[in-house]
Each structure stands twice: as structure tokens, then as C-alpha cells.
Amino acid sequence: MRITRSLSGVCLGAALLWSAACSDRARPITITELTSPVGTDAAEPFVARGPDGRVVLSWLERAADSSVAFRFASLDTAMAAWSEPKEILRRKDLFVNWADFPSVVPLADGTLLAHWLQRNGSGRYAYDVRLSESRDGGSTWSESALPHAPGIQAEHGFVSILPHAEGGASLVLLDGGAGLI
């Protein structure tokens, strides 16, 4: 996984998202109720729509052994139903917070990009952002990488992933060791 830092790409991505949101307001809205694919004790949901229209729902589920599973499902718009949930990972050291939660975002080339928060020390807000990608619909995931400097026991989070129509994505996050990147 290649991670680059570009503030101008983030600003451009935000401007494109805003213009797309404004242009959709003239269309009539249709609401379809869907059965949720999440299990028991699930929280921290996130819905993302990729440049090609794919929709992914991600969430966390607490297990009886004190581990937390990071899971996701894809929306099949033709069937108006969610796919069977897939598990990205299960760990006991995830940082779980109602305000700062993980996501899975579909990219233009079919890649799924996931981020989650993982503790990196004993401090209350000592955690890293971890990134991983899947090129096979979420069956397998790459080794995770940090989008910030390693070894700093500080708050890293509040991630926004902005997929680009031509491929790749911009990432905005709080870097407790260096400020906003």
C-alpha cells in the first residue's frame, strides 16, 4: 500500500463531494427499508459510497471474549439487500469510541480501503490509525500500515477517506503527534 500526503488533493476532493451533493438535490428521493446485516452488540456504523456507486456498511461487534470484530457488508442495489457480512479483523486492542470510528470505503478501481483505531500504549488516548486494503471484495486484506509517524503514544484518528473518481483516495486525519495532515 502506498501512502502519500497531499493537502491540495484533500481540498479538491472535498470540493468535488460538495458539488456532487448539491447536484443531487433536484432528484426525487426514494426511501427503501433494508434489513440490517449487523449482529448483536454492534455499534459504530459507517456507510460509504464509492465513485462507481457501490455502497458499503461497516461496524464493530463486541464478542464474549472481550475482542471486537470489525465487519462490513456491501449493498446489492438490484436485490435491495446487504451481502453476507465479512470480518476484516478481530482484536482485543481496538480503540472503540462513539465519536471516532472505523470505516470501509470503496475506491474506483474496486479496491476496498479500511481504517481502524488500535491502541499503541497505556494512555487513555494512545492509539494509532491503521489502514488496510482488499482487492478481492474483502476476502483478504493487506498487512496494515500507519498513515502517520510510528511510535507516538498520542491520539490519532477522526479519519475521512475521500475516494477519487480516477482512482486512489485522499485521507484526512488528526495526528496527535504533529497536528492535522
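The values are calculated or read from the model by the stated rules, or taken from the named source; none is laboratory data. Source: prediction; values computed, not measured. Positions of Cβ are backbone-derived with ideal geometry, glycine not excepted, and every protein chain shown enters the neighbour counts. To get the accessible areas, we keep the full protein, side chains included, count just its heavy atoms, and leave off ligands, DNA and RNA. Shrake-Rupley method; radii C 1.70, N 1.55, O 1.52, S 1.80 Å.
Here are some notes:
- Positive-end extreme of charge dipole, the stretch 34-97 - chosen from L57, V38, M79 (charges on Cβ): L57
- Rg/Rh for the stretch 119-181 (Cα atoms only, Rh after Kirkwood) is 1.02.
- Against the empirical curve 2.2 N^0.38 Å, the C-alpha radius of gyration of the stretch 75-131 lands at a ratio of 1.42.
- Binned Cα-Cα distance frequencies in the stretch 65-181 - 10 Å width, integer %: 13, 42, 33, 10, 1
- Under a model in which nothing but the beta-carbon of Lys, Arg (+1) and Asp, Glu (-1) is charged, the stretch 64-155 shows a dipole of about 280 debye around its Cα centre.
- Put F95, F158 in order of accessible area, highest first, and with a 1.4 Å probe you get F158, F95.
- Charge context of R124, other residues only, Cβ under 15 angstrom, K/R +1, D/E -1: -3
- Each Lys or Arg adds one and each Asp or Glu takes one away; over the other residues whose Cβ falls under 9 Å from the Cβ of H148, this sums to -2.
- If R0 equals 30 Å, the separation of the Cβ atoms of E87 and R27 corresponds to a calculated FRET efficiency of about 0.30.
- 3J(HN,Hα) along the stretch 116-129, derived from phi through the Karplus expression 6.51 cos²θ - 1.76 cosθ + 1.60 where θ = phi - 60°, amounts to 8, 10, 10, 4, 10, x, 8, x, 4, 10, 9, 8, 9, 8 Hz, with x in place of Gly and Pro.
- For the stretch 74-140, the fraction of 1.4 Å probe accessible surface lying on carbon and sulfur atoms is 49 percent.
- Restricting the trypsin sites (Lys or Arg not before Pro) of the stretch 108-181 to loop positions (DSSP other than H, G, I, E, B) with no more than 12 neighbouring Cβ atoms within 10 Å leaves R124.
- The stretch 27-73: proportion of alpha-carbon pairs further apart than 13 angstrom, %: 64
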